[in-house]
Structures are given as structure tokens and as C-alpha cells.
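Notes to accompany the following structure.
The values are calculated or read from the model by the stated rules, or taken from the named source; none is laboratory data. It should be emphasised that the depicted structure is a prediction, and the values quoted were computed from it without experimental measurement. Here the Cβ positions follow ideal geometry from the backbone for every residue, glycine too, while neighbour counts run over all protein chains shown. Please note that ligands, DNA and RNA were not included when accessible areas were found on the heavy atoms of the full protein model with its side chains. Shrake-Rupley method; radii C 1.70, N 1.55, O 1.52, S 1.80 Å.
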Amino acid sequence: MSAAPAIYVASGIDKRYGGVTALAGVDLELHSGEIHALVGANGAGKSTLMKILAGAEQPSAGCLVLAGSDVEFSSVRQASAAGVAIVSQELSLFPHLTVLANLFLLREPRRRGVVDRAAMRARARPVAAAIGLDVPLDARVGDLRLGERQLVEIARAVIDEPRVLILDEPTASLVPAEVERLHTVIRGLRGRGVAVVYVSHFLEDVFSISDVITVVRDGLIVCSRIAPSATTVAGVVEAMLGAPPPERVARTHRTADSTIGGRVALRGVRRGTSLLGVDLSVERGEIVGLAGLDGSGVSSVFDVLFGVARPDAGEVELPDGGAAPGSIAAAVRRGVALVPADRKANGLMLDKPIVDNITKVSAIALGRAGFRLPRIALRERAHGWRERLGIKTPTVLAPANTLSGGNQQKVVFAKWLDADAGVYLLDDPTRGVDIGAKQEVHDVIRSLADKGAVVIVSSSDPDELAELTDRVVVFFRGRIAATLTGDDLTEHALLETMNTGIAPVSVAGS
């Protein structure tokens, strides 16, 4: 543990939203030159505490002391000016602006009253290089992939050399190489005396990088400043959930029932340089994983099946016997559902009630059929999904942005379950979800396959693919490198094949 003094102290922090208590008497000390991991289940209060530390929310009671002085931040900008920066899981970038403009938004250096772009570039280049942000500074942020946008957000926080840096799920969108590079940057910040708060659901990362761990449960600190060497992952999980972790569900490797009829199939599909003659078949009742590095072709398969892109050549077959959908609307009408990786940007209407989010797709479909359900019926349907999926909310009339990440993901699933889709394309379905909610989402996915749906899953977590799917098709540079199943379907084999395009000897011929 750090011998340096506490630079930022939160004492007796309460936060109430109406009759709901999010934090109750929380105490937290952050020390200079220390990486302090904060963990807890979805809805435990972590994000609320981080927002209070960063000025995005104000406490209902309690006080904050920064470098020995009492502080009251009314905004993130005010906290940042005092040396407290946050990288939130909900990215706050402006997609229509360039990377450089986002890095210095509202704080551009000026020379004789004119924005000094040369000075901006000079400050930005070494920071971008240090964290592995290998994109042109003049590139439009909206054109970047999700992982690159995450790195831009981190660079924007680091560029001002904060005294306290709060990282909320910083690796959720990053591939393994990017994660290790970011961890190197974080260790460098620790070496320069920065107090780093590291919030993550990836407990392996927490144990790898943190100096101390604090666990939050139900708005309370239940374990404070534990050294990773003094506990275990299982011990932290038990503290997070208040009970021993559930037993890991063994893979069933279900065999598709060909008597059900209907499949998703690609035959010789080409799409630019991203798909170079791909043959793939997934039967009803299967859970099939797609794995590969960025640009390998996985996202292009999803684009073709969901009507985002048309193939240049080859054939696509959906369970209804028809060819590739010509548009997203056509895909939805034909029972194809997409649960996107970025649920906040693409999967939810955050400011709309939960009921509107859940019933949106089915209500539109019913409207095309010539009738509409009354509002009370829609509420009853949404309430039914809340009960079946265990969505933690007192009412389906609450906005979706009041839910924790795991519960937001359940709402996205509920939307497509309510529409009775037959094909589920799941892009990183448990990204940013805690271990308890992750198991619940896995149960939902298995139930879809058990009911005869076609389920295709992509995940940034190879271990998740190994646990959840019946087989994994690994893509490498636009082609299928191998299909892993049975005892050959391991995290190690997946990573090796994804990075080299060559499967381990025991599965190379599969």
C-alpha cells in the first residue's frame, strides 16, 4: 500500500434520488502514486461515487477534501480544473469533430487570440503515442471504431496531467494488446505521483494492476483498501455479491436439431477486403461464436446479416428461406435482432421510459399489421419482461438511463424477446456487465437457443466464448481460420488462432 498521504478524501458521502439511497455514509481515501481499484456489482453505487468525485453529481451529505482543502464541485469542468479528471464508460466525445478538437474542447491553447493548432499537435502527439492511439489527429471521431474512441477519451483526460484520474471501465472496448498498453500508461502515471481510481468488472485486470482494492455493495463500502495479495478473485466476488460466486455453468455443446428447419448460411460471401469467400452455417438451436481481431471480418458478417451492408458476391440464407436483407428495417421484419456492443449509443433510447424501449420494435410491427396495443397493454408486456429477466427497477416508467449497465443490457434483450425474433446477433453482449448480471445474461442467451433461435455471438472476452458457445468460428483477415469445439475450444486456442490465423496443432484440421 502507498505510504504517500491521501490527496483526495471522501467522508460520509450520502446520495439519494427521491426515496432511493444510492450511497450511504461512504468513506474513501485516494493516495498519490497509487492505483486504487473500485469494484462492485451493477447498481452497487460505484458510478454514483465516481460522478460525485468528478463533479458530475453533488452529494446529498458528506464532504470532499482535495489536497487538504474542502472542495465542492458543481461540474466536471470545475473538478478537471482542480486536477480531478474522469474517463466515463459513457463516452462524452463529439463524433462530428476531429480527434484533435475533442482532445482540447473548450480549452484550446491560444496565441495572440487565435487557436494554436501547432501547440495542440505538439501536446497531443506524445500522449497519443504513449497510449497507443494510432489514428490521424485530423480524423473525425465518428469514423473511429469503439476501441479507438475509448482511447481518445483516455487521452483527453491524461493530456492535462491530472492529480487524480478516475477510469470507469477503461478496457471495456479494448482488445488485449490495447489493454496491456493502457496498463503500462497507468503504471507510468502512478510513477509520476497520480492517484488513479480504476473501476472495472474485469477482476483479472484489477488484480494485475491495482495496489489496493475497495468493494462497494448496496451503496456501502464492505471491504476497504485490500491488497490484491491478501485476497482472491473468489473472495472479491463474494464480497461484491454478499454470497459465494455461482458455480460455473458447464458447456453443453448442444447439437443442432435439423428437423426444426431453417438456418443462417453464408456461401462464398465476399464484401470488399473484409470477407473473402466465407462459408458459414448456423442451425436453429445453436449458439455459435465468431472471434477475430478488429478488421478480421466478424463485424462484416453482422453487417451483412442485419442489412447494414450488401455482399459483393456469394449467397446469404435466413431461416425464412430468403436471401440477405436489403436494409435494417427488412432484417427486423424478417426476425433478425442485433444486440450491439455500444448499447447506449445504438441499443437504447436512454431518455425514454423502459416501457418504450422494450415495446418499441413489437409495437411498430403491430402498427404495420393495422392495429396498435393500448398503452396499458404495453406497460403490462414490459412489466412481464421486467419480472422474467429480473430487471431491477421499481417501475417500467423510469427512463432507461436510471438503470445500471447490466439492467440496461437486459432491456435490450427484452426489446427483441418481445418482438419474438428468430435470429439473434449478439455483439459483445456482456460488455461492461458485472459477474452476477453476466451469468443472468448467459442464461437468457441459452434459453433463446433452447427455444430454437439461431444465436450468433461475438465477444471481446475469449473466455466468455469458450464458456457460452457450442463452437467458435475464428476469422483472420477476411477468411475463416478454424472452427474450435469440444476440448479444443479454450481461451488459449482462441487467442492463438485470432492473433496468428493458425490454430494449435490439435485443432488445425477442424
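Leaving out ligands, DNA and RNA, what percent of the accessible area of the stretch 447-488 is carbon and sulfur, probe 1.4 Å? Mind dumping the intermediate values first?
Values: 590 of 1410 Å².
Percent of accessible area from carbon and sulfur atoms in the stretch 447-488: 42.
Relative to the longest principal axis of the Cα atoms of the chain, the long axis of helix 491-500 lies at roughly 90 degrees.
Tally up the carbon and sulfur contribution to the accessible surface of the stretch 135-212 as a whole percent, 1.4 Å probe, everything protein left in place.
Values: 1270 of 2640 Å².
Result for the stretch 135-212: 48 percent of the exposed heavy-atom area is carbon or sulfur.
Taking only DSSP H segments of four or more residues, each worth -39500 (n - 2.57), what value at 222 nm results for the chain once the sum is divided by all its residues, to the nearest 500 deg cm²/dmol?
Details: 16 runs with 170 residues, N = 510.
Value at 222 nm, helices only, nearest 500: -10000 deg cm²/dmol.
Would you mind calculating the relative contact order of the chain from Cα pairs under 8 angstrom and at least 6 residues apart, reporting the percent as a whole number? Show your work: numbers first, answer last.
Details: 1026 pairs, mean separation 74.5, N = 510.
In percent, rounded to a whole number, it is 15.
Entry comment: accessible area of the chain is 43 Å² per residue, from protein heavy atoms only and a probe of 1.4 Å. Calculated on the alpha-carbon coordinates, the convex hull of the chain measures out at 166 cubic angstrom per residue.
With a sphere of radius 10 Å drawn around the Cβ of Leu137, what net charge do the other residues whose Cβ falls strictly inside it have (Lys, Arg +1; Asp, Glu -1)? Numbers along the way, then the final one.
Values: positive: Arg117, Arg121, Arg125; negative: Asp138.
Residues near Leu137 contribute +2 overall.
The amide H of Ile7, built 1.01 Å from its N in the peptide plane, has Leu30, His31, Ser32 as neighbours under 5 Å, considering only residues 5 or more places off or on other chains. Size check on the stretch 130-175: the Cα extents along the three principal axes, sorted descending, read 31, 22, 17 Å.
With a Cα-only, solvent-free Debye model of the stretch 398-510, what are the log10 I(q)/I(0) values at q = 0.15, 0.18, 0.23 Å⁻¹? Once normalised to I(0) and log-transformed, intensities are -0.71, -0.94, -1.25.
Reported value for the stretch 34-107: 135 Å³ per residue, from the convex hull of its C-alpha atoms. Note on the chain: antiparallel DSSP beta bridges, both residues inside, total approximately 55 percent of the bridges counted.
Would you calculate the convex hull of the Cα atoms in the stretch 67-206 and tell me its volume per residue in Å³?
Details: hull volume 18.3 nm³, N = 140.
Output value, Cα hull per residue: 131 Å³.
Descending by average beta-carbon neighbour count within 10 Å, the peptides 435-446, 316-327, 268-279 line up as 435-446, 268-279, 316-327, the highest first. The GluC sites (Glu not before Pro) of the stretch 25-82 that DSSP puts in a loop, and whose beta carbon has at most 13 other beta carbons within 10 Å, are Glu72. Rolling a 1.4 angstrom probe over the stretch 1-114 with all protein chains present gives an accessible area of which 53% lies on carbon and sulfur atoms.
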